[in-house]
Each structure stands twice: as C-alpha cells, then as structure tokens.
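These notes concern the structure reproduced below.
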Amino acid sequence: MAHTTRPPRGRLLVADPDPGCRDSLAALLADAGYQVDTADGADAAAAAARADLYDLVLLDAVGRAGGDPRAPIRAVYPDVPVLLMVPYGEVDRAVSETGIDVSGFVAKPARREALLAVVSSALTTRRLSRPAGSRGADPFATLLGTSPQLRAALALARKAAVTDQPVCLLGETGTGKSALAPVVHAASRRSDLPLVKEVLAGRSPGEQLDTLFGHVPGAFTGATGARRGLLQDAHQSTLFLDEVADLSPEVQVSLLRVLDEGTLRPLGSSREIRVDVRLIVATNAPLPGLVEAGKFRRDLFERFGPFVIELPPLRHRTEDIPPLVEHYTQRACRGSRPLWEPEAVRSLTAYHWPGNVRQLKLLIEAAVAMADGRPIGPEHLLFRPGPATAPLGDESALPFETYQDNLRRAYFARAVEKYRSVAEIARHAGLHQTNVRKWLRQYGLVPGD
C-alpha cells in the first residue's frame, strides 16, 4: 500500500509586496497543508505578528539595502524563524550583504518541492533547537487589557496552560475566545507542535464523528480510503474545538472516552489507537445552563474541572477600550496613525458593544478608512452613539444586571456631553459626587472635554 507523506503542519506568514507572488506562494503552501496568512511587507508582517503567533515567516527581501531585513519581525518574536526570499542568482550577494547564513534564504519564484523542503527543515530545526514550551516572548502579552475581570480570566488561563487539563472558554461572541486558545497552547509544553483547530457546528453527527475520529476503508458507503481524524492529527499537541455546545450527543460520549482513557477507535475499525491530546473548547452558549437542561452532558462538562474560563464582555471592561483602539488603529493604518477626537473616544466607551472586541476591531478599521488620514470623529463611526447606545430589541432577553448597566452607561454618556463638571452631573442626577466619579471612571467618561 502506498502512503502519502504529510508535511509537518504549522502556521505560516507570507510577506511580499507583490500580490501575485504573495498569493501564489500562499496557495502553494496552503495546498501542502499549512495554515497561511499574508502581509504586504516587513512592517505589516511585524504588525500581524504582534496579534498572532506564527511558526515561520517568509519575507520578501528584494531591494532591501543593508541591515537585517528580519529586524522588524525579530523585534516582536526573536525566536520565530524568518526565511528571506530573493530572486534566483542573487542569493550569494544577499548572503554577502547581510551576513545571514545561506540556509536563511529561499530563491523566488519558488519551485514547489524545494520550497516545501526548506520550510519543513526550518520548522523541524526550530522544534529541535528549543525546549518544549520555551519562547522569546510571553504569548499572553499579545492579549490587551488591564481590567480586573480580564486579568482574573487570564490568570486562570496561565495556570491552565502549564497543565495538560482540558480547558473550556466561555463568553459572548467576539470576546476573544479564539484568540485566547492559541495563547494557552503557545504557553504550554506542547507548543513545539502546531495547534489543531476546527468548528463542527452545522455538521451532522456522522460528519462530526468522521472529522474527529477518522475512518477506515468500507466504514460507510463511499469510504474507499482511510482518513485520519483531527484527534490523531493533534497527537501530542492541542485540539481546539469552537462551538462545542453544538456537538452531537454521540460525539460527546466518544470525546469523553478519549479524555478518560486516552484512546479512540476510527469509524468502522475494531482497533484502539492511543492518543495524547490536550483539549480546549469554546462556546458563546450558556453551557452550564445547557447542562442543567440536559442538552449537554454533565460528565463531559465536569471533565473540564477548574479550568472553565469566562471572558468578560467589552461593556464590562471599558477601561480596556482606549488601548484596544490604539492597537487596532495602528494595525489598520498603512502610514501614520490618525488622531481620535475626544468625542469619538467617548462614543466608543459609551457604546454597549454587542459584538464585543471583534465588533470594535471592525468598526475601527472602517473608521480609519472613512477618515482617510483626517482625525477620526463621531461621523466616522458606523453606529449611532448617544441615546442609541441603550440596549436595542427585547431588553427582557438580557440579564437584568446587563440591562441596568447599559442604561446607566447611556445616561452618563449623555450627561458628560451636557454638563461640564462632576458637581453639575451629581446635582442634576441627585447623586453624591463620589458615586458619580466611580461610574464615570468605570465607563471611561470625562466631563467637559
């Protein structure tokens, strides 16, 4: 029987100002089984590396005179290997000019087999040359925020990272669950192997089982060959399953067996296969409530033990909005970073953010584009600030504390626009100035700007 050799999988970043070269190279690597992101140069690659974790960067070095072209990226992650791409015939000159070893270069346009061999070698060298779990930078440093709620969640995630226990990430859509999962993996002893990720929502129970456990030939109609499941792909690494609340009861039973016994059986097989997998799951559904309603297995939920981590919604950590605004504004800019008008920032902190950090990121990207280099004002924000920041739709569907918090935020957002001091706001609201200062500080609001 012929066996197909799979290349070692990893997450790669291709940085090249030529869109044709960039896209063709990304397609070639994706076809070989790698996860690939792209950027249009070294500075954009460095910005991308600040937000995500990569196993390898391929960087175009054409026309770069003097110095180390890898410097912007190495400043972010010193231990991430960077392969420099130069035209055929210019490798020797590039080695002479930069002093970088010839193994750090790839000739372009790249030939498929040669490129895959160099990428595979670089990834293997990295894995062999560093202790498991070591890195040049703290993976948690990529997660922005200093609010007490977020700090508590991240502190628990740090403790979880150094264990092999399953982790369950809860939180509303857009709170950062899919950003935290790779960070937990990167801070673990399994970080020398790539994270395996999948979303099984919307698939039939049979498809979910096949994706996770694989099958042998003849397992079902049309199964002419064997297929490895994701649990085998993640052996000695981490499997991240998003939308775990949508797993079928059959899959929940089988997954519990893997966690308890460390073995699995592909569909149609009678042979047990031993696997060593760390599981991270996430959902925006109220999982404890689903357990009480009998819609999710209690024994599987309890298997997550102490590491059920709930990420707070953005409206409960408004002090984190200014640094997030600065971060996403910088990422959205190709040139100098535009200024934000104080009124626009107040509008952001007063908004209730139903889509959380993901919505904030998209709104900032749109605002930067609409401002076109000018200071960003309220007119560039694609939502209605002010009174419209109160909850929309059926308020009775919200938890009472959330509804009350949204109303209070909207009230004080209007008050700081109307009155010029804490004393005025307190007098008109019938509140003590100490309480007014507390609420304004919580919502990041300043009167009289």
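We did not get these values from a lab; they are worked out from the coordinates using the rules stated. Predicted model, so just to flag it, every value in this text is computed and none were measured. FYI the Cβ positions are ideal-geometry reconstructions off the backbone, even for glycines, and counts take in every protein chain you see.
Some points to look at:
- Peptide ranges 418-425, 161-168, 189-196 listed from the most packed, as the mean C-beta count within 10 angstrom indicates: 189-196, 161-168, 418-425
- Applying 0.36 nm per residue to the separation of L362 and S178 and subtracting their alpha-carbon distance, the gain on full extension is 64.6 nm.
- The 3J(HN,Hα) values that the Karplus relation (6.51, -1.76, 1.60; θ = phi - 60°) gives for the stretch 298-315 are, in residue order, 5, 5, 6, 4, 5, 5, 6, x, x, 9, 9, 10, 9, 8, x, x, 4, 5 Hz. Gly and Pro appear as x.
- For trypsin sites (Lys or Arg not before Pro), the sites in the stretch 209-288 that DSSP calls loop and that have at most 13 other Cβ atoms within 10 Å are R271.
- Residues whose placed amide H lies under 5 Å from that of S188, excluding near-sequence neighbours: none
- Residues whose amide H comes within less than 5 Å of that of L83, counting only those at least five positions distant or on another chain, are V57, L58, L59 (H built at 1.01 Å from N in the peptide plane).
- 3J(HN,Hα) along the stretch 154-164: 6, 5, 5, 5, 4, 5, 5, 4, 7, 10, 9 Hz, from the Karplus curve 6.51 cos²θ - 1.76 cosθ + 1.60 with θ = phi - 60°, whole Hz, x for Gly and Pro.
- Partner lysines for K159 [C-alpha distance under 22 Å; skip if fewer than 8 residues away on the same chain]: K177, K197
- Each of the peptides 339-350, 176-187, 201-212 was scored by the mean count of other Cβ atoms within 10 Å over its residues; in descending order, highest first, they stand as 176-187, 339-350, 201-212.
- Pairwise FRET efficiency - R227 versus D31, Cβ, R0 = 22 Å, nearest 0.05: 0.75
- Full extension of the chain segment joining V199 with F383 gains 63.3 nm, where the gain is 0.36 nm per residue of separation less the Cα-Cα distance.
- Cross-link partners of K418 among lysines, defined as those whose alpha carbon lies under 28 angstrom from its own and excluding same-chain residues fewer than eight positions apart: K438.
- When the Cα positions of H316, F296, G229 are compared along the charge dipole of the stretch 219-356, G229 comes out farthest toward the positive end, with charges on each C-beta of Lys, Arg, Asp and Glu.
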